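Just so it is clear, none of the values below were taken in a lab; they were calculated from the coordinates. Note that the structure is predicted; figures quoted are calculated from it, not measured. Here the Cβ is made from the backbone with ideal geometry for all residues, glycine too, and neighbour counts use every protein chain on show.
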Amino acid sequence: MTRYIARMFAVRIVAVLVMLVLVLQMLNLLSESGHILAAKGNGQRELLHFVALRLPQLASKFLPYSVLLATMLTLTTLNQNSEVISMKAAGLSAHQILAPLFLVAAITSVINFTFNERVTVRAAAALKAWQDVDYGPVPPDTDLKTNVWMQDGPNVFYARTVVGRGAAMTMGDVSWYRRDPTGMVTEIVHAPHAQFARPGWRLDRPTSFDVQSTKLTPLGGPRVYANAVDPTQVLMRKTNADGESLWRLTDTIEAIHGAGYRTSELDGRWWHKLSGPLSALLMPLLGAVAGFGLARSGKLFVRALIGMALGFAYFVVDNAALAMGNFGAYTPFLAAWSPFLLFLLIGEAVLIRTEE
């Protein structure tokens, strides 16, 4: 019986996931194809490349939704065929009936976490880098960041591209904007390349543009600017938590925290890399209300709606908690785990109150 229910549930998870991903991928491709083809030289190959990079993200994000919908389909089918009644008549409790679903959901959570760490983060990082250059040629670097703005006291420092980490970080197409006390830009220093000079950044072949006289002046040899800017600022402003594995994100958080900056938002994302995949384990519990009660009573559809509402309410509360964590209203741990613990208690309360 366990194998029968588990196989039925697993097949429905895969079927629902494929359906969701295909529909969402088609809609996403329709919305982005114009931007992709607008870049010079792009064609069908680039469209397929976009699909290959986007598919892992869609599959990872909507796998818990697939588990929820598969729970509704599985339990509703078992209920309509009176199989749930037969199992309860044989002495099985509601938790025992749901045990195969929990087992499959737990395996699904492990697969989702592993898939995220090995595939999704790489695809997300590659897609983000491609989108940052407007779907044009991407420099061959695995740690590329683009369009980075940094504060240098009253002045502003900008880099079109940034590669590397720490003291080995280099920048391309950089501009340093000198501002007067009123905030107006008085001078723009531009250079094709910059390297960390400990402190500041050494600009190669810089040119100075005086805003008032509109005069462009070559400055000759390398010059050092932006002494208040360090590599940690780049990590703070351009760290893509979705594009970094759990271990790499840990190193990033430690570097930022060691420099004395706040890391609450990244801490919340770190914890969510654990609680997110585990949300699939909640779905059989939240959708369990659809599998019980008498099918002929006419309330099966209402039960299915209740189960679906509980499942989707979890995702709404989860996103809201992350947003509250980003604002500092919740601690990172609470922002990532409070929705999981809350709906675990709600699901258990509903199941025990109605069936146990």
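What separates the Cα centres of segment 36-57 and segment 197-242 is a distance of 33 Å. Look at (1) 52, 22, 16; (2) 30, 26, 21; (3) 34, 26, 18: the one that is semi-axes √(5λ) of the Cα gyration tensor in Å derived from this structure is (1).
Along segment 175-180 the Karplus relation, 6.51 cos²θ - 1.76 cosθ + 1.60 evaluated at θ = phi - 60°, assigns HN-Hα couplings of 9, 10, 10, 7, 10, 7 Hz to successive residues, with x for each Gly and Pro. Inter-part distance, segment 331-351 to segment 97-123, computed on C-alpha centroids, equals 19 Å. Which residue fluctuates most in the GNM of the chain (Cα springs below 10 Å): Thr186, Thr170, Thr77? Of the options given, Thr186 has the highest mean-square fluctuation.
Ordering 269-276, 162-169 by mean Cβ neighbour count within 10 Å, with the highest value first, yields 269-276, 162-169. Sorted from longest to shortest, the spans of the Cα atoms of segment 1-91 along the three principal axes equal 67, 19, 16 Å. In terms of distances greater than 25 angstrom between alpha carbons, the cross-link table entries Lys61/Lys88; Lys128/Lys273; Lys40/Lys273 yield Lys61/Lys88; Lys40/Lys273. List the aspartates and glutamates whose alpha-carbon lies under 16 Å from that of Lys299, not counting same-chain residues fewer than 8 positions away? Those aspartates and glutamates meeting the cut-off are Glu355.
Under a 5 Å amide H cut-off, with hydrogens placed 1.01 Å from N, Asn240 pairs with nothing among residues at least 5 apart or on other chains.
Helices of the chain meeting both criteria, an alpha-carbon length of 27 angstrom or more along the long axis and an average Kyte-Doolittle score not below -0.5, with helices taken as full DSSP H segments, are 2-38, 44-80, 94-115, 300-327, 332-355. If you run the Gaussian network model on the chain, springs between alpha carbon atoms under 10 Å, then out of Pro222, Pro181, Pro64 the most flexible one is Pro181.
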